[in-house]
1. Would you mind stating whether Arg168 is over 30 Å from Asn68 (Cβ atoms), charged (D, E, K, R), open to solvent by less than 70 Å² (accessible area, probe 1.4 Å) and modelled with pLDDT under 90?
2. What are the residue pairs meeting all of these: first residue in the stretch 115-139, first residue over 11 Å from Ser150 (Cα atoms), second residue outside any helix (DSSP H, G or I) and not hydroxyl-bearing (Ser, Thr, Tyr), Cβ atoms under 7 Å, and 6 or more apart or on different chains?
3. In the stretch 173-192, which residues are of a type outside the set (D, E, K, R), open to solvent by 60 Å² or more (accessible area, probe 1.4 Å) and either over 11 Å from Cys152 (Cα atoms) or not in a helix (DSSP H, G or I) (or both)?
4. What about Tyr117, is it in contact with a helix residue (DSSP H, G or I) (Cβ under 8 Å, 6 or more places away or on another chain), at pLDDT 95 or above, farther than 26 Å from Gly42 by Cα and open to solvent by 20 Å² or more (accessible area, probe 1.4 Å)?
5. Cβ-Cβ below 6 Å, separation at least six or inter-chain, first residue in the stretch 89-100 and at negative phi and among the polar types (S, T, N, Q), second at pLDDT below 90 and buried (at least 24 other Cβ atoms within 10 Å of the Cβ): which pairs?
Amino acid sequence: VVVKEVLDSPEGEALWSADREAYTRWEAQQRRSNKGYVEALGLIEGLCRGGQAAACLPLATALEEDLNEVAAAAAILGGACVELSAPEACYRLGRLFELGAYGDGQRPGSEQVLEAYGRGCQAGHAGACRGYGMLGLESGQPQARDALQSACASDPPVGCGEAGDAFRYGKGGPVDLDVAAVCYIRDCQAPKRSNPVQRCADAGLFLWRGM
């Protein structure tokens with residue numbers, strides 16, 4: 001493991017204060033030069049390339065966050081998503097494509113993001129369904145609203161507020177107030193609500209009107 005004192009050294013702290021991008025490159029170099037870290041990473045990579053999808057996730061995290069190798073992380077997640085049918089990898093790949101710190105001209109297009117989220121959603125990953133639904137509504141994908149509804153129906157529910165809005169206001173399909181009400185109620189009752197005051201108020205309004 002990279003010694004914490006190295007990263008928290010006066011050199012590291014000074015670089016962090018002066019130039020965050022330079023610090024990120026310096027931090028990655030410190031990790032690459034640490035024999036223990038490189039050996040551990042090699043073991044995880046061997047498991048991943050041997051078909052162990054669970055090992056691909058921490059490998060991708062290390063490549064992205066520790067070594068600042070976003071494209072390499074995307075390649076690992078892509079392999080786990082497509083070849084190993086790992087829904088969490090598909091979701092992570094979609095998030096990485098959508099938010100990753102790619103250089104100019106390197107960020108994947110929306111079609112690649114949708115494909116990653118779509119694969120994860122088809123495998124039952126609620127977060128991927130929400131990602132596909134949100135992005136799909138913006139680009140006019142016919143299954144976008146259904147994906148949001150699937151995310152909301154998961155346990156625990158995800159994306160119920162967005163699903164409720166889609167059905168309430170006719171985004172991506174006709175207005176359906178009954179489905180909107182169910183989504184708002186689930187969002188109000190969810191442990192992590194997207195907008196607790198507004199969603200519970202929306203649910204209360206529909207209940208008061210008798211749905």
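1. Details: over 30 Å from Asn68 (Cβ atoms): yes; charged (D, E, K, R): yes; open to solvent by less than 70 Å² (accessible area, probe 1.4 Å): yes; modelled with pLDDT under 90: no.
It is false that Arg168 is over 30 Å from Asn68 (Cβ atoms), charged (D, E, K, R), open to solvent by less than 70 Å² (accessible area, probe 1.4 Å) and modelled with pLDDT under 90.
2. Correct list of pairs: Gly136/Gln143; Leu137/Lys171; Leu137/Gly172.
3. Step one: filter the stretch 173-192 for residues of a type outside the set (D, E, K, R), giving 173-175, 177, 179-185, 188-191.
Filter once more, keeping what is open to solvent by 60 Å² or more (accessible area, probe 1.4 Å): 174-175, 177, 182, 189, 191.
If the condition is that a residue be of a type outside the set (D, E, K, R), open to solvent by 60 Å² or more (accessible area, probe 1.4 Å) and either over 11 Å from Cys152 (Cα atoms) or not in a helix (DSSP H, G or I) (or both), then Pro174, Val175, Leu177, Gln189, Pro191 are the ones that fit.
4. Values: in contact with a helix residue (DSSP H, G or I) (Cβ under 8 Å, 6 or more places away or on another chain): yes; at pLDDT 95 or above: yes; farther than 26 Å from Gly42 by Cα: yes; open to solvent by 20 Å² or more (accessible area, probe 1.4 Å): no.
No: the conditions fail for Tyr117.
5. Sorted first by the residue in the stretch 89-100, then by its partner, the list stays empty.
The values are calculated or read from the model by the stated rules, or taken from the named source; none is laboratory data. Being a predicted model, the structure only gives us computed values, none of them experimental. No Cβ is skipped: glycine too gets one built from the backbone with ideal geometry, and neighbour counts run over all protein chains shown. Areas reflect the complete protein model, heavy atoms only, side chains present, ligands, DNA and RNA absent. Shrake-Rupley method; radii C 1.70, N 1.55, O 1.52, S 1.80 Å.
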